[in-house]
Amino acid sequence: MLQKQGLNYINQPRFHLNSMEKSTSLSVKDCRIIVDGKVCNTNIYTLNGKIVKIGAFRPADTVIHARGAFAIPGVIDPHVHFRMPGNETLETWESGSKAAVSSGITTVLDMPNNYPACTSFEVLQQKKVFTKDSYVNYGFHFGACKDNITTLDRISDIASVKIFMGSSTGNLLIDNDRDLLRIFRKGRIVTVHAEDEELIRSFTRIANLNWICKKIVPSHNDVRPNICAEIACQKVIAMSRFTKTPAYIAHVSTKEEIESIAKARLGKVPVYCEATPHHLFLTAEMCSDNLTKVNPPIRTERDQEALWKGIRDGIVDTIGSDHAPHLLSDKRKDYFNAPSGISGIETSLPLMLNAVNEGFLSLPDVVRLMCTNPARIFGLRNKGGISPGHDADITLIDMNMTKPVVAAEFNSKAKFSPFDGMKLQGWPVCTIVGGKLAWWDGEFYVKNGKEIIYC
């Protein structure tokens, strides 16, 4: 258990942040890591932002006494909405990256549905300016729209091209097969929000009529039922099969999607998928207000069980928080006016660690889903592992620490959560980014976030 008195800075007063920023070496002493599925007691030595040695202890400018805490690769969240530019009242890069780093996350990939949407080189460069306040490493998904398809192959240094098959911000909607095929033919990995827009509009009309005529308030599953995700998922698989372009289906939520993806894998189709904690740990029966309104909706227990089976069977590749901050006052509006989205970045890793303690999966599974696979799928150079040559992004976790989720204390501006008050066992206690101490025990230290370099 990593304790406050156990964190040491050799030759440095505890709060000399200028000295810490200039330090070049860091050692994590007496930690546990997972190697080939086995737990090993060891030490980690880093120099100039890289892991140099695993083994015998080496003195360093900064020494962190882990006291047996687990050291895992810095967690990568492949799916966040940090709201800049255009919605700084909901989140900024400083508040969002604080929320990330205090939750064991060292790298985030930000989505393009901002105001304006990130569909041009100019907006992409503007987004990079905002990251000067980032505590974590960062990359960007680039939005596809009908007006930029011909130029998508000219944009470099992005995690993926993002397609919204269901309505989103601005002009990001791709709702016809011709445009979808043109995007896939560009040959770079495509991240997809897979819900069928035509069906959503049809079910929305029915819901509106029921409200007008009968005053029946719809559930979100009435407006966006499973079939919307199922049909869109099958279309993505077909496009990927035909073009051989890798597809990454974000926030899968249904049994039908898992079954379709599993079948596609048997045919060697290059399709990956992500699950979110809110779809893994909530069911529609548990949701009674708009705090849990999210796209795609929270599904049934049947769907939840299929997602967990997908994790056990290796069908689910990653965990993404889909952190989508909103004002609590807006989330408390009526169904038709409340926005969709959940503040999820600060509970993502703790929920998964708690699931380890409850026997749903193993700690190596968490590392695979939240570290190794996101780095591999999106080609994040030197990320996702703890071995010499990897970037020194390290998360220390205490698998015995037990405490409740307290949304009012979130570092995100969105201080609400469907998990508020839930007692969880297993929490991050220290986050190292690029060989610098970034966060420990509620205190923030060096801002060392850098833009991702892709393989």
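Readers should treat all values here as calculations from the given coordinates under stated rules, not as data from a laboratory. In this text, all values refer to a predicted model and were calculated from it rather than measured experimentally. All Cβ positions, glycine included, derive from the backbone under ideal geometry; neighbour counts span all protein chains shown.
Along the Cα-to-C-beta direction of residue 301, a point sits 7 Å from the Cα; which residues of the stretch 216-241 have their amide N less than 15 Å from that point? In the stretch 216-241, the label zone of residue 301 (backbone N under 15 Å from the point 7 Å along Cα→Cβ) covers no residue. Which of the chymotrypsin sites (Phe, Trp or Tyr not before Pro) across the stretch 341-425 are loop residues per DSSP, with 15 or fewer other Cβ within 10 Å? Of the chymotrypsin sites (Phe, Trp or Tyr not before Pro), the ones in loops of the stretch 341-425 whose Cβ has at most 15 other Cβ atoms within 10 Å are 360.
Give me the number: length gained by fully extending residue 215 to residue 455, i.e. 0.36 nm times residue separation minus the C-alpha to C-alpha distance, one decimal in nm.
Using 0.36 nm per residue and subtracting the Cα-Cα distance, I get 81.0 nm.
So for the stretch 335-379, considering every pair of alpha-carbon atoms, how many percent are separated by more than 13 Å? Summing the P(r) tail past 13 Å for the stretch 335-379 gives 65 percent. FRET efficiency for the residue 126 to residue 329 pair, using the beta carbon distance and R₀ = 22 Å, is estimated at 0.20.
Express the Stokes-Einstein translational diffusion coefficient of the stretch 74-378 in µm² s⁻¹, to the nearest whole number, given a Kirkwood radius over alpha-carbon pairs, 10 °C and a viscosity of 1.306 mPa s. The estimated diffusion coefficient comes to 82 µm²/s.
Protection proxy ranking of 30-43, 296-309, 339-352, by the mean of other Cβ atoms within 10 Å over each peptide's residues and highest first, is 339-352, 296-309, 30-43.
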